[in-house]
Amino acid sequence: MLRFGNVPFGDFKVNDRKYDKNKFLIHDYFFGKTLDKVRPGGVIAFITSKGTLDKQNSEVRKYIAQRAELLGAIRLPNNTFSKNAGTEVTSDIIFLKKRENMTDIMPDWVYLDTDENGITMNKYFVDNPDMILGEMVMESTRFGMDSVCKPYEGIELKTLLNEAVEKINGEITDYEIGDIEEREETTIPADLSVKNFSYCIVDGKVYFRENSIMAEQDLPITTISRIKGMIELRDCVRELINLQTEDYPEENIKVSQAKLNRIYDSFVKKYGIINSRGNRLAFEADSSYYLLCSLEVMDSEGRFVRKADMFNKRTIKAYKEITSVDTANEALIVSLSEKASVDLEYMSKLTNKTQEELIKELENVIYKVPMEDSKYVTADEYLSGNVREKLKLAEALVETQPELKINVDALKQVIPKDLTASEIGIKLGATWIPTEIIEKFVYELLDTPNTSQWNIKVKFYKNTSEWYITNKNYDYSNVKAYKAYGTNRINAYEIIEKTLNLKDVKIFDTETNAEGNKVRVFNAKETAIAQAKQDQIKQAFEDWIFNDQERREQLVRLYNDRFNSIRPREYDGSHLNFSGMNPEIQLRKHQQNAIAHILYGRNTLLAHEVGAGKTFEMVARCYGK
């Protein structure tokens, strides 16, 4: 058995009573839980932060070592996941093989050691430096000074990784199960009326459906009796849910509730509450077990409090179809609720009005979408998003489509007010600034000779979002490039290129160690000098960028068109109809609006405070049509 993945990372714990005593954070929890799930001999390959192997507290590593053998580990450079995850973090791939039996003998990799450069890390990496696919250095991080694995320049990670994987020694062995008396399992084709992963009774015998077959259950008599009792209870609950969903008369609901009370009371008298351990072990495999658990209200300590409201109240709001309305506004509300869109054909049927009449009555409430045949959207949708681009399109089409004049007038009213230069902050390295402006800054700052300007050019590669300055060493006699804004270790063109790519300047020396190998050593003094020059260049850019009227106007216009063009949409969920919801639950206005946001916005962050009702918002949207 093999388990692999990228474990989640966070400074919080998972609520799982089995592991609470270990006080695992979420990434440690995934190791512990997975080790319990794989069989002896099974292999785990997890990507995790370097903290798993390098943190001072070794308790988690001891826990893992008791249960698994370390086959090997690979340390990845801190930029490995920068493109996918947008973050730089040193990570490890850890390969483990579950032991047949636990051990108290702790291997070396449980402990930390120090490498030849004085950096503290897991002893495995100190003993196996070839499994580190980069250079370990100390850097200032938000946690203070910490070790970081920096990538090697000019060497592809793929090549290093392939070589490192070859050094992992391990195999997945067959797991031998002891002699167990085999029995022939009785199976029958699945009854399609039985839900998948559910128990059922056929000719007085208990079967369990799994996909296309149902297998007879060979269990103790008491367990079989518990299962039969919960099957009867489950079927009664489903019947009651169906009666409420289909809006049956109250007398039918009362009869079904009386039946549910009778069956539940009889079951509890024999076998205890549904949430008891015995009933859980007997029926947990059934997909409806947790539905039955909801019949009991429990306190925070897991003690029974009372029966749920379902035993004596309607808990489901039945769906009622609306077939006609009087006004265009009412038709719009119904269309948004039922179709989640402006469906003019559907609205026409509700009102017996033509689509043209509806459009006229809903002027400034709905808008035609240019370039899309006969599509209309609500004002809150159309008058949001990139309204500058929408205005340009509407103005371009209004001569041939006069009906779009209403769009133009409305969009002009909501265009964000232009920001002024004093309200716009531009840093050296902003990717939206034209390359010719950056190039002009470089030439003016360093007084680059005209003859050198032919060779020294600033380029920006959109695919990688990287800046590049060609022939950075060409202007070697320029005092400003090598003295005023550069140093004898790094010239100003190189510093500007690093600054454009949002990198701090760092100076390293190459030395030969005791083994005769060349190593790069951080030069703090030269770095401090170079970084001071970098700060001078940054300040010079901020002083220069807006000091020319024409350039200022160009950049202000460019910035507003590109970044100050979005008008957030305000969602209104007051029209939504939550059929199937417990009628005693009344959603607050912000919850209704949040559900509308999920429904119409397609990607949504529910950034409410704790207790504001996020869970119900998500459930309501998932349950809705």
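The values are calculated or read from the model by the stated rules, or taken from the named source; none is laboratory data. From a predicted model like this one, the values you see are computed outputs, not experimental measurements. Here the Cβ is made from the backbone with ideal geometry for all residues, glycine too, and neighbour counts use every protein chain on show. Just so you know, the surface numbers come from the protein's heavy atoms only, side chains and all, with ligands and any DNA or RNA stripped out. Shrake-Rupley method; radii C 1.70, N 1.55, O 1.52, S 1.80 Å.
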**OP:** Kindly indicate whether S422 is over 20 Å from E570 (Cα atoms) and in a helix (DSSP H, G or I).
**Re:** yes
**OP:** Among the helices (runs of 4 or more DSSP H) lying completely within the stretch 518-625, list those that include at least 2 residues that are hydroxyl-bearing (S, T, Y).
**Re:** 614-623
Original post:
Quick one: K368 ticks every box in (1) open to solvent by less than 30 Å² (accessible area, probe 1.4 Å); (2) charged (D, E, K, R); (3) within 28 Å of L404 (Cα to Cα) bar one, so which box is it?
Top reply: (1)
Original post:
In the set E69, E100, which member is at pLDDT below 90 and among the acidic types (D, E)?
Top reply: E100
Original post:
Does E436 fit the bill of being open to solvent by 10 Å² or more (accessible area, probe 1.4 Å), at pLDDT 95 or above, touching a strand residue (DSSP E or B) at 6+ places or on another chain (Cβ under 6 Å) and over 23 Å from M371 (Cβ atoms)?
Top reply: no
Subject >> Subset tally (residues that are surrounded by 16 or more Cβ atoms within 10 Å (Cβ to Cβ) and either part of a helix (DSSP H, G or I) or among the aliphatic types (A, V, I, L, M) (or both)) for the stretch 344-364 >> reply: 9
Original post:
Looking at the stretch 403-426, which of the residues that are among the small types (G, A, S) and loosely packed, with under 12 Cβ neighbours inside 10 Å is farthest from the chain's Cα centre (by Cα)?
Top reply: S422
Original post:
Looking at the stretch 297-343, which of its residues are open to solvent by less than 40 Å² (accessible area, probe 1.4 Å) and not in a loop (DSSP other than H, G, I, E, B)?
Top reply: M310, F311, A328, A331, L332, V334, S335, L336, S337
Subject >> Output for the stretch 488-510, where each listed residue is open to solvent by less than 90 Å² (accessible area, probe 1.4 Å) and not in a loop (DSSP other than H, G, I, E, B) >> reply: A492, Y493, E494, I495, I496, E497, K498, T499, L500, F508, D509
Original post:
Any idea how many residues of the stretch 6-42 are under 23 Å from R99 (Cβ atoms), assigned to a loop (DSSP other than H, G, I, E, B) and either open to solvent by less than 70 Å² (accessible area, probe 1.4 Å) or in contact with a Phe, Trp or Tyr (Cβ under 7 Å, 6 or more places away or on another chain) (or both)?
Top reply: 9
Subject >> Residues satisfying the stated conditions in the stretch 235-249, i.e. free of Cβ contacts under 8 Å to residues at least 60 places away in the same chain and either open to solvent by 10 Å² or more (accessible area, probe 1.4 Å) or aliphatic (A, V, I, L, M) (or both) >> reply: D235, R238, E239, N242, L243, Y248, P249
Original post:
Is there a residue in the stretch 66-79 that is free of Cβ contacts under 8 Å to residues at least 60 places away in the same chain, assigned to a loop (DSSP other than H, G, I, E, B), open to solvent by less than 40 Å² (accessible area, probe 1.4 Å) and closer than 19 Å to K123 by Cα?
Top reply: no
Original post:
From the list A594, A607, A612, which one is among the small types (G, A, S) and buried (at least 16 other Cβ atoms within 10 Å of the Cβ)?
Top reply: A594
**OP:** Please go through the stretch 515-555 and pick out each residue that is open to solvent by less than 30 Å² (accessible area, probe 1.4 Å) and β-branched (V, I, T).
**Re:** T527, I537, I545
**OP:** Might you let me know whether the stretch 162-180 holds any residue that is at pLDDT 90 or above, charged (D, E, K, R) and assigned to a loop (DSSP other than H, G, I, E, B)?
**Re:** no
Subject >> Filter result for the condition that a residue is open to solvent by 30 Å² or more (accessible area, probe 1.4 Å) and in contact (Cβ under 8 Å) with a residue 24 or more places away in the chain, over L587, L599 >> reply: L599
**OP:** For the stretch 275-286, indicate whether the set of residues that are of a type in the set (G, A, S), crowded, with 17+ Cβ neighbours inside 10 Å and closer than 19 Å to K307 by Cα is non-empty.
**Re:** no
Original post:
Looking at the stretch 465-487, which of its residues are in a loop (DSSP other than H, G, I, E, B) and either among the β-branched types (V, I, T) or within 13 Å of N455 (Cα to Cα) (or both)?
Top reply: T470, N471, K472, N473, Y474, D475, Y476, T487
Subject >> Members of the stretch 572-625 found to be among the aliphatic types (A, V, I, L, M), under 25 Å from S384 (Cβ atoms), modelled with pLDDT under 80 and over 25 Å from the mean Cα position of the chain (by Cα), listed by number >> reply: L576
